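The values are calculated or read from the model by the stated rules, or taken from the named source; none is laboratory data. The shown structure was predicted, so the numbers you read here are calculated from the model rather than taken from an experiment. Here the Cβ is made from the backbone with ideal geometry for all residues, glycine too, and neighbour counts use every protein chain on show.
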Amino acid sequence: MTDTMMQMTGLPFSDVVPGAVTEVTKNGIVVAADKLLPLAMHLRDREGYDYLSMVTSVDWPQYFEVVYYLYRVGAWHSAAAAASQEPLVLKVRLPDKARPELPSVCSIWPGADLQEREVYDMMGIRFTDHPNLRRILLWEGFQGWPLRKDFKEPYYEEDAKPFKSRHPDGKHAWAEDRVPWKDNVTYPVGWDPDLWTQPEVQYRKIMQVDGGGNGHSSEFKTERVLVNMGPQHPSTHGVFRMVIAVDGENVVGLEPEIGYLHRCHEKIGERNTYIMNIPFTDRLDYIASMSNNFGYVLAVEKLAGIQVPERAEYIRVIMAELTRIISHFIAVGFLFNDLGAYFTPALYGLRERELILDLFEAAAGSRMMCNYMRFGGVFADLPEGWVERAKDLVWNRLPRVMEDFEKLLAGNEIFETRCRGLGVLTAEEAIAYSMAGPMLRASGVPYDLRKARPYSIYDRFDFDICTRPEGDVWARFRVRMDEIYQSIRILKQALDGLPAGPIMPPGKKQYQLRVPAGEAYGAVEGPKGELGFYIVSDGKPNPYRYHVRAPTFINLTSLEKMCIGHKIADSVVILGAIDIVLGEVDR
Amino acid sequence: MFGTGILKGLGVTLKEFIGTYIDDIRKIPSRYAGGRHELDQSQASAQTGLFTVQYPEERHKVAERFRYIPILIYDAETGEDRCTACGICAKVCPPQCIWIVRAKDEKGKPLTKPAEFYIDTTICMNCGFCAEFCPFDAIKMDHDYEIAAYQRMPGLIFDLQRLRVPTTYYARIRPTDWTAEEAAREAEKAAKAARAAGRPAPAAAAPAEDQPKR
Amino acid sequence: MSEKPEIPGLPDDLQRNVFLTTLDAIYNWGRVKSMWPMAFGLACCAIEFMAMMASRFDLSRFGMEIIRASPRQADLMFVSGTVTKKMVPNIVRLYNQMAEPKYVLAVGACATSGGPFKEGYNVVSGIDKFIPVDVYVPGCPPTPEAILYGVMRIHDAVMKQSVKSVPWYRRDQRNEAVPVPVLGPDLYNPKDREALKRMLREAGADLG
């Protein structure tokens, strides 16, 4: 469609929204800020781009660039859409660096909500008409916009690693000694702690709900109150905080409050050389580190044009699927934990995880932070006996364990009555909220990146996309269980078909990778959804911009929608079914 | 019937409860005879559950590739460090926790050995890049995880003395790597000798393969 | 225990100490064998902490069966993971709520010094800048056994304490609450107020 339009006028969409597209680049089309909304409306309603996968921004010397990645998800398996599964990339350039502003697309794709807030928090780009534009990862009152290139942390040493002070003279000073405050802090000149009052956070969306004062239900007089849950709470899966407005027991408003584990992943990643980022990606979703490695190396390989040998591809797939099994075991186990089955199912999940971690330890050297994949292959070949151990696990042990899991959990009536009909998202809503992974598939959308845009060698394996029509917590549980079976299926094929051969492209192992200028987006279907890495290179040894499309972060967008109308105790379960990992949510 | 799911679930728990004891007695009888050893659980399907490692009396057998904090290797016979202070480990370290002072002779000419070598273990992320890219097999990842300390400074900043281990230790914790590296070393030595015998002048002029790139 | 144990050959003033040593041993043994940790996961290390609680490494062998979610009922805090500036006021508040005797174990590189994320603008370089830490366990993440080793070091430290000198029974050594840090334009520790004001004055003088 777009191609024919281009032939007519030179620029796409110029007949439907004149003047919207100002330039077509290799990596996306440049859109005028004031025409963004009409174009977005057209893309969603007429062109089928119903899914906003990612919003991020780049700080170029002359302008800020806001980048949107759009997919056709609702009808991806229909013939027309399947032909163009490549994402449509929109770019809005904001030359006014002092006051960057553009309209919010929240009204068109609600999934932009948290992502636009993140862009605002990190780069200070204002989205007009955003319903709740305030800092998300940092706190209200923080000084500076961290991902702008002119932002320097207190411990700033140099623009790029490796730092010169480490070798050969070792003049490295303890970081605390290099800074005036002897700590990782800096204050604006003239700041007086005695006069400081913290800006009050207006929980605007949910306070509006609260506006009416006392509410009345049919039988009891109830009162609306704000309940703060977390960040220290055993059921929030880490340091996550929810501000919940409740009317009696019923949730009437909810706002996720994150950033308690914001570890400046992207800022550090822009200083690291390409290879240094691999171990840092381990620490994103720390339950599924292999999968994170996978996504990152895919993106860099795309950018640098590296070919991966056959055996390495197989090993990667095996590792990624083992990771998915771990992640789903933990997700399922801790979902039960949230429901009050104190620790037993989680223990079962953790027990099988140990055996898979042993395999990781044997191959990669570490249980959790595997750091196993390299550009062009993997770190080392599988050790002797590894394949036999893995086969033993996959053929004999895991099916038996799954049987136990089914008996122990799936048939449990209490669990079913608790979870059926809870936190329902329809297919349309799930797409609109940019849900990913099991969350999307549990709403009946058969979208799996491994099928929709097969990466690595996933097109060779025979497996099904697991979906459920219900869209509730029970469906999410069921989809995860079914995906474990599918992973076992893939593992069986991959372990059987594992070819001999090299695991890295020929040549000496390089620790400095030459990456041409350009940009790339590499994504994998991680256990929690589409995990994407957006990398912009300017030809230097370190990325110019490094952004992670974190699936659980974006999945949190719909948390309020799912919780409203349910009991406060259910919001814990709904959160548990999203299966958030804070390392990835906050990055 | 209502409740069967729960009964089935409880049955699984009961089965696991009994199964662990049967597993334990059948597979590791020495445990109950007072013998303690390293637990190796590489055959997953042989047992139904998972053995509890009675640390510190027993230990879980770590994989050979297991990595914790880096170590520096010196030759057990000559006592010489393998490290040539080329600085690649410091360059490739993601959190930049290694810093090296290169030794100098009296005239100030740099020598190929470190005068000081520090690894801040409180920053080290155990990624293993230093060991992976070291061209001299001088820095390797240790298996020793028992390094908890009461003081962070200076106890957890490892200096050269703390990091040095003999080749024998390395050969013990990583036999496969050690054998492979020694074989490669021997092969290279033989190749070099052959080249030197054949064409003495050009072989000396050509840079050795394992010279670090600057 | 009204009767003093008599040990022949010891001078009279030492007899009393022998009694106290035995009492210390029993007192500390009791505390060591029934420490209650606080469920307090921050990041990656918390997953290894859970692995340590689970069947393979089984923390309950050390008498730590019950993981309390409430700081009021816990006496051992595992700071397991990266401490961010946004989180540290909460951690200090939780620490203040714990009853004496209380111990802190910094699990992993991040809690010890900020770890690989040390240079980050939102990362605290070590929880010991705010609360006293008893044992540091480096590693990223430490394996469950390494954390268990750290727990055993805590036990060793507890065994060395004496009921005579421990601060929580002494009226003159009331434990003051740690001041809770404030989130200003950057993290601000009230402890540093004087130094900060002085430095700000100097900075202002330089500028103006």
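Reported count of residues in segment A:155-179, each being at the interface with another protein chain (Cβ under 7 Å from one of its Cβ atoms) and out of contact with any strand residue (DSSP E or B) (no Cβ under 8 Å at 6 or more places or on another chain), is 6.
Listed by position, the strands (runs of 3 or more DSSP E) contained in segment B:66-126 that have at least 2 residues being within 12 Å of another protein chain (Cβ to nearest Cβ) are B:98-104, B:110-120. Give the number of residues within segment A:355-369 that are within 25 Å of the chain's Cα centre (by Cα) and within 11 Å of A:Ile326 (Cβ to Cβ). Qualifying residue count, segment A:355-369: 5. The sole residue among A:Lys161, A:Lys182 that is out of contact with any His (no Cβ under 9 Å at 6 or more places or on another chain) and buried (at least 20 other Cβ atoms within 10 Å of the Cβ) is A:Lys161.
Consider segment B:138-163 and keep the residues that are touching a helix residue (DSSP H, G or I) at 6+ places or on another chain (Cβ under 6 Å) and in contact (Cβ under 8 Å) with a residue 40 or more places away in the chain. The one that is nearest to the other protein chains (Cβ to nearest Cβ) is B:Tyr145.
Annotation: A:Asn412 fulfils all but one of (1) facing another protein chain (nearest Cβ under 7 Å); (2) surrounded by fewer than 17 Cβ atoms within 10 Å (Cβ to Cβ); (3) polar (S, T, N, Q); the unmet one is (2).
Going by the conditions given, is A:Pro383 closer than 19 Å to A:Tyr485 by Cβ and surrounded by fewer than 21 Cβ atoms within 10 Å (Cβ to Cβ)? Against the criterion (closer than 19 Å to A:Tyr485 by Cβ and surrounded by fewer than 21 Cβ atoms within 10 Å (Cβ to Cβ)), A:Pro383 does not qualify. Checking A:Gly423, A:Gly411, A:Gly437 one by one, the residue that is in contact (Cβ under 8 Å) with a residue 12 or more places away in the chain and within 30 Å of A:Lys492 (Cβ to Cβ) is A:Gly437 and no other.
The set of residues in segment C:142-151 that are at the interface with chain B (Cβ under 7 Å from one of its Cβ atoms), part of a helix (DSSP H, G or I) and not hydroxyl-bearing (Ser, Thr, Tyr) comprises C:Glu145, C:Ala146, C:Leu148, C:Gly150. Of the set (1) buried (at least 19 other Cβ atoms within 10 Å of the Cβ); (2) under 20 Å from the mean Cα position of the chain (by Cα), all apply to A:Pro446 but (1). Contact map, segment A:534-553: first residue without any contact (Cβ under 8 Å) to a residue 60 or more places away in the chain, second residue surrounded by fewer than 22 Cβ atoms within 10 Å (Cβ to Cβ), Cβ cut-off under 8 Å, separation 6 or more or different chains; pairs are A:Asp538/A:Ala517; A:Asp538/A:Tyr544; A:Gly539/A:Pro516; A:Gly539/A:Ala517.
On inspection, A:Glu140 fails the criterion of being out of contact with any Asp or Glu (no Cβ under 7 Å at 6 or more places or on another chain) and either in a helix (DSSP H, G or I) or closer than 24 Å to A:Arg545 by Cα (or both).
Select, from C:Lys160, C:Lys164, the only residue that is at pLDDT 80 or above and over 26 Å from C:Asn122 (Cα atoms).
Numbers: C:Lys164 fails: at pLDDT 80 or above.
Residue meeting the stated conditions: C:Lys160.
Hey, any hits in segment B:39-56 for a residue that's buried (at least 18 other Cβ atoms within 10 Å of the Cβ), part of a strand (DSSP E or B), more than 8 Å from chain A (Cβ to nearest Cβ) and modelled with pLDDT of 80 or more? The answer is no; no qualifying residue exists. For segment A:68-81, state whether one or more residues are modelled with pLDDT of 90 or more and aromatic (Phe, Trp, Tyr). Yes. Close contacts from segment A:129-143, counting a first residue that is within 20 Å of C:Gly184 (Cα to Cα) and at the interface with chain C (Cβ under 7 Å from one of its Cβ atoms) and a second that is among the basic types (Lys, Arg) and surrounded by 22 or more Cβ atoms within 10 Å (Cβ to Cβ), with Cβ to Cβ under 6 Å and a gap of 6+ residues or different chains, come to A:Trp139/C:Lys86. With respect to the stated conditions, A:Tyr521 fails to be farther than 30 Å from A:Trp395 by Cα, part of a strand (DSSP E or B) and touching a Ser or Thr at 6+ places or on another chain (Cβ under 8 Å).
Results for (1) in contact with an Asp or Glu (Cβ under 8 Å, 6 or more places away or on another chain); (2) over 30 Å from C:Ile147 (Cβ atoms), shown as yes or no for each residue.
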| position | (1), (2) |
| --- | --- |
| B:Ile25 | no, no |
| B:Phe51 | yes, no |
| B:Tyr55 | yes, no |
| B:Arg65 | yes, no |
| B:Ile69 | yes, no |
| B:Ile73 | yes, no |
| B:Arg82 | yes, yes |
